[in-house]
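**Student:** For reference, the structure I am asking about is given below.
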Amino acid sequence: MATSLDSQLTVTAPVNLSAYDSRAKTGFSGKKDDAADDLAEMGEELSDLQEKLFAGGRAETSSARVLVVLQGMDTSGKGGIIRHVAGLVDPQGLAITSFKKPTPAELKHDFLWRVERVLPEPGMIGVFDRSHYEDVLIGRVRQLASAEEIERRYTAINEFEQSFTDSGGVIIKCFLHITADDQKERLAARLDDPSKHWKYNTGDLDERMLWDDYQQAYTLALERCSTEHAPWHIVPSGRKWYRNWAVAALLLEQLRALDLQWPDADFSVEAEQARLATM
């Protein structure tokens, strides 16, 4: 497995999405079957590290927590990552949030209000299926906010993420890069397969008509909000198997970097062993 995938996929401005190969296998030299084997091996270590993370939070000996942000055009694979990558760890240590259209109650608050309420607690891995970035993506493309407000939001996002990392959090932001042709192929597959009709949304074609506008909005978000404390990663997602491998590898690298340890017992182990022996 690549040992520095984070640096290979990290955004460096300026961004030209058309220059990125959606079917690249950055950091991986094998084939699809090799990635499946590698993902299974990573799963064992991910599970162990996630349990240490969870234990530290429960024992209140660590403030470490991880947030995985998944953004991408429709069919880019956010759900697939949750199933194939997040599914490798214990679900009791996961907090998965899917952000939909803001409710009337949420619209009464600042756009970050609903996000702050569901941030992962110490010891948890949070996964955002879409995120606070919707408010500078759809907000810009659909003109749901003024230009001045959109501009304010870039700064607010950077400050919000800085605060999260300052408090012990780690953010892994993944833009799942696909092309318009990739999306057309996947939408067609959903229409051709009755078992996938539930995944299809007629509104997807309405958004697809604005493809170029969304690419520009993503470019601006990636450039404006890829920071040292919370960098964006452009994950080639034209190959589903590579996409899953890459996000798992990014998560594993970050968990390793935390140098997680089992919490020390807050009691005398020897005394408890002696007590147990008499029962």
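**Student:** Students sometimes get this wrong: rank Arg275, Arg190, Arg117 by accessible area, probe 1.4 Å, all chains present, largest first.
**Tutor:** Order by accessible area, largest first: Arg117, Arg275, Arg190.
**Student:** Then there is this: Within 10 Å of each candidate Cβ there may be at most 16 other Cβ atoms; applying that plus a DSSP loop requirement, which chymotrypsin sites (Phe, Trp or Tyr not before Pro) in region 51-133 survive?
**Tutor:** Hits after loop and neighbour filter: nothing returned.
**Student:** Add -39500 (n - 2.57) for each DSSP H run of 4 or more in the chain, then divide by its residues: what number comes out at 222 nm, to the nearest 500 deg cm²/dmol?
**Tutor:** Value at 222 nm, helices only, nearest 500: -14500 deg cm²/dmol.
**Student:** Identify all lysines with a Cα-Cα distance to Lys32 below 17 Å; exclude those on the same chain that are fewer than 8 residues away in sequence.
**Tutor:** Filter leaves Lys240.
**Student:** Leaving ligands, DNA and RNA out of it, rank Asp38, Asp259, Asp264 by accessible area with a 1.4 Å probe, largest first.
**Tutor:** The residues order as Asp264, Asp259, Asp38, largest area first.
**Student:** Given a 1.4 angstrom probe, I'd like the percentage of the accessible area of region 232-279 that is carbon and sulfur, rounded to a whole number.
**Tutor:** Carbon with sulfur: 52 percent of the solvent-accessible area.
**Student:** May I pose another question? Output wanted: per-residue J couplings in Hz (rounded whole) for region 58-65, from phi through Karplus 6.51 cos²θ - 1.76 cosθ + 1.60, θ = phi - 60°, x for Gly and Pro.
**Tutor:** Working through the residues one at a time gives 5, 7, 6, 9, 8, 9, 5, 7 Hz.
**Student:** Next question, about the same structure. Within region 1-84, what whole-number % of the accessible surface is contributed by carbon and sulfur, with the 1.4 Å probe and all protein chains included in the calculation?
**Tutor:** Numbers: 1870 of 4210 Å².
After summing per-atom areas, the C and S share lands at 44 percent.
**Student:** Now a separate question. Express the accessible area of region 68-200 per residue in Å², computed with a 1.4 Å probe while the remaining protein chains stay in the model.
**Tutor:** Dividing the accessible area of region 68-200 by its residue count gives 48 Å².
**Student:** Here's another thing I want to ask about it. Among rounded, prolate and oblate, which fits region 161-279 when a ≥ b ≥ c are the square roots of the eigenvalues of its C-alpha gyration tensor, a/c under 1.5 means rounded, and a/b larger than b/c means prolate?
**Tutor:** prolate
**Student:** What angle do you read, to the nearest 10 degrees and between 0 and 90, between the alpha-carbon axis of helix 147-166 and the longest principal axis of the chain?
**Tutor:** 20
**Student:** Give, in whole angstrom and from largest to smallest, the semi-axes √(5λ) of the equivalent ellipsoid of the chain, with λ running over the eigenvalues of the Cα gyration tensor.
**Tutor:** Taking √(5λ) for each eigenvalue gives 35, 24, 18 Å, largest first.
**Student:** Also, I was wondering about something else. Rounded, prolate or oblate for region 184-253? Axes are the square roots of the Cα gyration tensor eigenvalues, ordered a ≥ b ≥ c, and the cut-off for rounded is a/c under 1.5. Kindly include the intermediate steps, with their values, before the conclusion.
**Tutor:** Working: a/c = 3.14, a/b = 1.41, b/c = 2.23.
Cα axes put region 184-253 in the oblate bin.
**Student:** Then there's this: When the distances between all Cα atoms of region 1-78 are binned every 5 Å from zero, what whole-number percent does each bin get?
**Tutor:** For region 1-78, the binned pair fractions read 3, 10, 13, 20, 21, 15, 11, 7, 2, 0 percent.
**Student:** Sticking with this structure for a sec: What is the angle, in °, between the Cα long axis of helix 211-224 and the longest principal axis of the Cα atoms in the chain? Nearest 10 is fine, range 0 to 90.
**Tutor:** Orientation of helix 211-224: about 50 degrees from the principal axis.
**Student:** Shifting gears a bit: Could you give the angle, 0 to 90 degrees to the nearest 10, between helix 240-257's Cα long axis and the longest principal axis of the Cα atoms of the chain?
**Tutor:** On a 0 to 90 degree scale, this one is about 40.
The values are calculated or read from the model by the stated rules, or taken from the named source; none is laboratory data. Here the structure is a predicted model, which means the values were calculated and not measured. For neighbour counting, all protein chains shown are included, and Cβ atoms are generated from backbone atoms with ideal geometry for every residue, glycine included. All accessible areas refer to the heavy atoms of the entire protein, side chains included, with ligands and DNA or RNA removed. Shrake-Rupley method; radii C 1.70, N 1.55, O 1.52, S 1.80 Å.
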